[in-house]
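The values are calculated or read from the model by the stated rules, or taken from the named source; none is laboratory data. On a predicted model such as this, the values are computed, not experimentally measured, just so you know. Please note: Cβ atoms are built from the backbone with ideal geometry, for glycine as well, and neighbour counts cover all protein chains shown.
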């Protein structure tokens, strides 16, 4: 890859198809230089040896900087990837909270004094890896950036942040705010470019000691292979085909509202979207009809329109991918109960809009019930009993999240333990908090972000022994 093969990255507003900004892609020589600067900053800035409460002051100052520019950042993200402005504001707020949380963890995290079995004192300390690669997706830029950058910095690392080429505008803003908040120069740098180009080079770079990636399972598998060959640790937060389960005893009003929010919020562009609806057979028709009616009533509009509930998809090429997914479902015999097309007329003709879509009539093994659409597409399936549900719900390669609606605590416990998912929501859905670990089972990922584990993810455990021997050590004992 050279300068001639790394054109500018163009951010397109998916609400109207207009250009927002251009960002120059990073070349391979520039990547090498960035890695070299990162190692120099890691070794010379004093960040890694800075007392934790001093690091925490900088992390809190970054949060203050984000807070001061909250509205501008939300507006920029709205134009960069099309999410409704209320969601964008919430994501900036999440990023602020993430930096504040890891400031607290940084200052208070304790390691272990381990039980000795001899004349010594033994304990553990945490050491940073050095230079960490953080690769984030296009669906929630500022929030995902913070989820990786805050704990990696808290652990004492230098970070190379690569945002998606489809949403390149927020990462440079975060890096700028971090510098202005007092983070030493070059501890957080942004590299721009396509995944197969600069992303692949970043993952393979011998100067990168740890890799954290959020994105699709295919790309994650390739990254995991490279990391395995290089013997460097990797964290992967990947795709999902999350089951959302409604039992006959559920509060149906709340369940239907959560099902709709769980798949059509963020236009379905969420790794934990509840994209497979399982309804107990005896109430299947009633619940599916209620979901369809609610889906049809959703306000699909410009992301800054009053009362908007569903904005455009993040890009025009992604809308085409979602449309192909729906056409394949039709070809498999699926019945499109609502949606299944882009809206037309007025501003719809200029944006990457796609109507909330509900499909039934497919078996659990259909490709449309196995693969991730990452869009506003819900497939509905009936189940007879708990055993039938568990077999169907676990019958995919994914295991990121699930939702369960029932008034029976015992049933919720049984199903929640039986389903292969990293997050289980009972009588709620799509809740997330920085203090609780997040990640997936099976092909939905490796490792856990968020929570105290989210900081330990970016640190190496070192065991230390201090001898207390009264006599010199013998050769044999």
Checklist entry - Quick check: anything in the range 178-189 within 20 Å of the chain's Cα centre (by Cα), assigned to a loop (DSSP other than H, G, I, E, B), in the same structural domain as residue 44 (by TED's automatic domain parsing) and surrounded by fewer than 22 Cβ atoms within 10 Å (Cβ to Cβ)? => result no
Item to check | Residue among 107, 69, 93 that is surrounded by fewer than 18 Cβ atoms within 10 Å (Cβ to Cβ) and farther than 27 Å from residue 14 by Cβ | outcome: 107
Item to check | Tally, over the range 362-394, of residues that are exposed (fewer than 15 other Cβ atoms within 10 Å of the Cβ) and under 19 Å from residue 444 (Cα atoms) | outcome: 3
Checklist entry - Which condition number in (1) touching a strand residue (DSSP E or B) at 6+ places or on another chain (Cβ under 7 Å); (2) outside any helix (DSSP H, G or I); (3) touching a residue at least 24 places away in the same chain (Cβ under 8 Å) is the one that residue 80 fails? => result (2)
Item to check | Breaking point among (1) surrounded by fewer than 20 Cβ atoms within 10 Å (Cβ to Cβ); (2) touching a residue at least 60 places away in the same chain (Cβ under 8 Å); (3) touching a strand residue (DSSP E or B) at 6+ places or on another chain (Cβ under 7 Å), for residue 113 | outcome: (2)
Checklist entry - Do we find that residue 464 is farther than 21 Å from residue 291 by Cα, modelled with pLDDT of 95 or more and in a strand (DSSP E or B) in this structure? => result yes
Next on the checklist: Checking the condition at pLDDT 95 or above, out of contact with any helix residue (DSSP H, G or I) (no Cβ under 6 Å at 6 or more places or on another chain) and surrounded by fewer than 19 Cβ atoms within 10 Å (Cβ to Cβ), which residue from 237, 253 passes?
Outcome noted: 253
Checklist entry - Considering the range 329-346 alone, what residues qualify as being surrounded by 17 or more Cβ atoms within 10 Å (Cβ to Cβ) and on the phi > 0 side of the Ramachandran plot? => result 339, 340
Next on the checklist: Please determine whether any residue of the range 232-251 is assigned by TED's automatic domain parsing to the domain that holds residue 136, over 20 Å from the mean Cα position of the chain (by Cα) and not in a strand (DSSP E or B).
Outcome noted: yes
Checklist entry - How many of the residues in the range 127-166 are within 14 Å of the chain's Cα centre (by Cα) and either assigned to a loop (DSSP other than H, G, I, E, B) or not assigned by TED's automatic domain parsing to the domain that holds residue 208 (or both)? => result 7
Checklist entry - Which of the residues that make up the range 167-177 are under 20 Å from residue 7 (Cβ atoms), buried (at least 18 other Cβ atoms within 10 Å of the Cβ) and out of contact with any helix residue (DSSP H, G or I) (no Cβ under 7 Å at 6 or more places or on another chain)? => result 168
Next on the checklist: Exactly one of these conditions fails for residue 409: (1) at pLDDT 95 or above; (2) within 22 Å of residue 151 (Cβ to Cβ); (3) out of contact with any strand residue (DSSP E or B) (no Cβ under 7 Å at 6 or more places or on another chain). Give me its number.
Outcome noted: (2)
Checklist outcome for this item: Among (1) crowded, with 22+ Cβ neighbours inside 10 Å; (2) under 26 Å from residue 144 (Cβ atoms); (3) in contact (Cβ under 8 Å) with a residue 60 or more places away in the chain, residue 415 falls short only on (2)
Item to check | Enumeration of residues in the range 256-295 that are surrounded by fewer than 19 Cβ atoms within 10 Å (Cβ to Cβ) and closer than 30 Å to residue 315 by Cβ | outcome: 257, 261, 293, 294
Item to check | Considering residues of the range 195-216 that are over 18 Å from the mean Cα position of the chain (by Cα) and assigned to a loop (DSSP other than H, G, I, E, B) only, the residue surrounded by the fewest Cβ atoms within 10 Å (Cβ to Cβ) | outcome: 206
Next on the checklist: If I filter the range 20-60 down to residues being in contact with a strand residue (DSSP E or B) (Cβ under 6 Å, 6 or more places away or on another chain) and not in a helix (DSSP H, G or I), which single residue comes out as surrounded by the fewest Cβ atoms within 10 Å (Cβ to Cβ)?
Outcome noted: 22
Checklist entry - Could you say whether any residue in the range 347-354 is in the same structural domain as residue 294 (by TED's automatic domain parsing), on the phi > 0 side of the Ramachandran plot and in a loop (DSSP other than H, G, I, E, B)? => result no
